[in-house]
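Heads up: the structure comes next, in structure tokens.
The values are calculated or read from the model by the stated rules, or taken from the named source; none is laboratory data. These numbers come from a predicted model, not from an experiment. Counting neighbours? That spans all protein chains shown, and the Cβs are built from the backbone with ideal geometry, glycine included.
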């Protein structure tokens with residue numbers, strides 16, 4: 001299946017699930033719920049839940065058991081954006097073409113809305129028809145990916161790296177945590193739900209690592225050459241905050257080459273997974289994941 005058709009089918013289901021869980025678990029008319037809803041419904045590509053679902057589909061897993069964890073993942077991503085935009089962090093006024101949460105509801109409510117999204121994510125992840133063993137494994141992995149061993153650690157290192165030149169390897173380590181961990185979780189969760197064998201799980205992990213770095217390199221490049229109206233956020237913020245980025249360290253040409261290297265490595269992983277299943281006498285449908293890599297090309 002082509003990703004465009006898959007996205008057309010699955011994205012509305014994701015959008016509906018985001019609000020369904022919110023309405024079940026908060027006071028619908030309260031300010032907190034309104035602020036959470038504002039950021040959940042602000043749009044976005046939903047790359048992380050779609051990557052999770054695409055992984056399950058590619059491996060022939062049961063997608064009907066995947067929506068709770070996919071929704072929980074998007075709740076955590078949304079919380080991170082609400083907090084990232086705060087004046088004490090990136091101080092952004094625009095997100096997905098709309099005023100950021102704190103510009104609408106104030107810093108205090110925005111902080112609490114982010115807190116609400118983060119904590120409710122784990123409530124959502126505990127629901128559904130997956131086995132308890134899988135639920136526990138996914139909740140543990142999600143907590144690690146989002147917390148002080150993962151995304152939050154990367155965000156901290158990113159802040160501490162402002163106003164200084166961070167070496168390339170250190171920059172990669174920051175982005176592997178800040179951006180890559182939730183994307184890596186997307187693929188890990190899809191593999192776990194679909195009962196991927198250990199060899200395939202390792203290759204999927206490598207694929208996800210390359211996907212995550214490519215995603216961040218592209219983001220860095222678009223902050224330099226992208227159109228703020230198309231991106232739905234201000235460009236040039238990395239320079240304003242004096243952050244180390246791939247274009248700053250490698251030049252724009254070098255960053256584009258690094259992006260292509262990561263995409264090529266990820267495609268090799270998909271070929272290796274296909275070869276594994278071929279040897280086992282079965283088939284791996286790589287088109288969705290391959291198409292998602294194409295989304296990261298300039």
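Could we say that residue 115 is closer than 18 Å to residue 214 by Cα and surrounded by 14 or more Cβ atoms within 10 Å (Cβ to Cβ) here?
no
Is it the case that some residue within region 275-287 is touching a helix residue (DSSP H, G or I) at 6+ places or on another chain (Cβ under 9 Å), closer than 18 Å to residue 48 by Cα and surrounded by 15 or more Cβ atoms within 10 Å (Cβ to Cβ)?
Among the residues of region 275-287, at least one is touching a helix residue (DSSP H, G or I) at 6+ places or on another chain (Cβ under 9 Å), closer than 18 Å to residue 48 by Cα and surrounded by 15 or more Cβ atoms within 10 Å (Cβ to Cβ), which makes the answer yes.
I'd like to check something: does region 102-112 contain any residue that is in contact with a helix residue (DSSP H, G or I) (Cβ under 7 Å, 6 or more places away or on another chain) and either within 16 Å of residue 25 (Cβ to Cβ) or free of Cβ contacts under 8 Å to residues at least 24 places away in the same chain (or both)?
yes
Looking at this structure, is residue 257 at pLDDT 95 or above and part of a helix (DSSP H, G or I)?
So residue 257 passes the test.
Hey, can you tell me all the residues within region 131-180 that are under 25 Å from residue 78 (Cβ atoms) and in a loop (DSSP other than H, G, I, E, B)?
Residues satisfying the conditions are 147, 148, 149, 150, 161, 162, 179.
Across region 282-298, which residue is modelled with the lowest pLDDT among those that are within 16 Å of residue 212 (Cβ to Cβ) and outside any helix (DSSP H, G or I)?
By that ranking, first place goes to 297.
Run down 115, 195 and say which single residue is at pLDDT 95 or above, over 30 Å from residue 255 (Cβ atoms) and not in a helix (DSSP H, G or I).
195
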